[in-house]
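Novice: What follows is a single structure, and I will ask about it in a moment.
The values are calculated or read from the model by the stated rules, or taken from the named source; none is laboratory data. In this text, all values refer to a predicted model and were calculated from it rather than measured experimentally. Quick reminder, even Gly has a Cβ in these numbers, built from the backbone with ideal geometry, and neighbours come from all protein chains shown. In case anyone asks, the SASA skips ligands and DNA or RNA and just uses the protein heavy atoms, side chains included. Shrake-Rupley method; radii C 1.70, N 1.55, O 1.52, S 1.80 Å.
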Amino acid sequence: DENTSLTHQIIDRLSQEGNVDAVGLCMHLDASDPPDQQEVVDTMKSYGVPVHITEILVNLADLPGTQSERYDVQAEVYASMLDACLESGVCESYSVWGFGDDYSYTEYYDLDSDSTIFDANLVPKPAYDALLERLQSDSS
């Protein structure tokens, strides 16, 4: 991928100069076209420095289906990216973007984006439960 190649070039140059300690990934994802978990793991490892998912959201605007089906896909994407972070061995943090669907900037562009792990009433969605389950199973 052209963007990954360019990113590697920048990180390599900065590393040679002693000017990079880590890479932060801003993961604003489209649920209708999520990244492959293994490719994310491989990319994280390839940087040669610690990685932080500085923000992740999973936009549902282009995903068809019932609300329940869409939320289930969203939960899978959030959890898959957490799994990639944990599996990589180099990912040191995973931060979600926003705290509720009505407060996300994505709602400004499309009211069907519902991109956070909490609904408009700040009630946890299946994505919240999926992340919690992964974290609880990883710590045991």
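Novice: Whole number please: convex hull volume per residue, Cα atoms of region 52-124, in Å³.
Specialist: Details: hull volume 6.2 nm³, N = 73.
Dividing the Cα hull volume of region 52-124 by its residue count gives 85 Å³.
Novice: Enter the angle in degrees (range 0 to 90, nearest 10) between the Cα long axis of helix 126-139 and the first principal axis of the Cα atoms of the chain, meaning the one along which they spread out most.
Specialist: It works out to around 50 degrees.
Novice: Still on this structure, I have one more. Could you give the size of the charge dipole of the chain about its Cα centre, using +1 on the Cβ of each K and R and -1 on the Cβ of each D and E, expressed in debye and rounded to the nearest 20? Please list the in-between numbers first.
Specialist: Values: 5 positive and 28 negative charges, 86 e Å.
Rounded to the nearest 20 debye, it is 420 debye.
Novice: Now for a separate question. With only alpha-carbon atoms counted, please give the Rg and Dmax of the chain, in Å.
Specialist: Taking only Cα atoms of the chain, I get Rg and Dmax of 15.8, 51 Å.
Novice: ³J(HN,Hα) across region 23-31 via Karplus (A = 6.51, B = -1.76, C = 1.60, θ = phi - 60°), whole Hz, x for Gly/Pro?
Specialist: Karplus values, whole Hz, x for Gly and Pro: 10, x, 10, 9, 9, 8, 9, 9, 4.
Novice: Non-local amide H neighbours of residue 52 (under 5 Å, H modeled in plane, Pro and chain starts lacking H): which ones?
Specialist: Residues meeting the criterion, in which the H sits 1.01 Å from N, are 23, 24, 25, 92.
Novice: Quick one: helix 67-88 against the long Cα principal axis of the chain, what's the angle to the nearest 10°, folded into 0 to 90?
Specialist: Here the helix axis deviates by roughly 20 degrees.
Novice: Please work out how much length the chain gains when fully extended from residue 137 to residue 67, using 0.36 nm per residue of separation minus the C-alpha to C-alpha distance, in nm with one decimal. Mind showing how you got there, number by number?
Specialist: Working: separation 70, 0.36 × 70 = 25.20 nm, distance 2.69 nm.
Between residue 137 and residue 67, full extension yields 22.5 nm more.
Novice: Work out, step by step, the length gained on full extension between residue 92 and residue 123: first 0.36 nm times the residue separation, then minus their alpha carbon distance; give nm to one decimal.
Specialist: Working: separation 31, 0.36 × 31 = 11.16 nm, distance 2.72 nm.
Between residue 92 and residue 123, full extension yields an extra 8.4 nm.
Novice: Now, a different point. Specify the angular offset, from 0 to 90 degrees and rounded to the nearest 10, of the alpha carbon long axis of helix 2-16 from the longest principal axis of the alpha carbons in the chain.
Specialist: Compared with the principal axis, the helix lies near 50 degrees.
Novice: Next up: Which value, in Å², gives the accessible area per residue of region 1-109 when a 1.4 Å probe is used on the protein heavy atoms? Can you show the working numbers first?
Specialist: Values: 6080 Å² over 109 residues.
Ligands and nucleic acids excluded, the result is 56 Å² per residue.
Novice: Run lengths n ≥ 4 of DSSP H only: what is the helix-derived mean residue ellipticity at 222 nm for the chain, with -39500 (n - 2.57) per run over all residues, to the nearest 500? Don't jump to the answer; show the numbers that get you there.
Specialist: Numbers: 5 runs with 65 residues, N = 140.
Estimated from H runs of four or more residues: -14500 deg cm²/dmol.
Novice: Percent of accessible area on the chain owned by carbon and sulfur, 1.4 Å probe?
Specialist: Values: 3790 of 7940 Å².
On the chain, the fraction of accessible area on carbon and sulfur atoms equals 48 percent.
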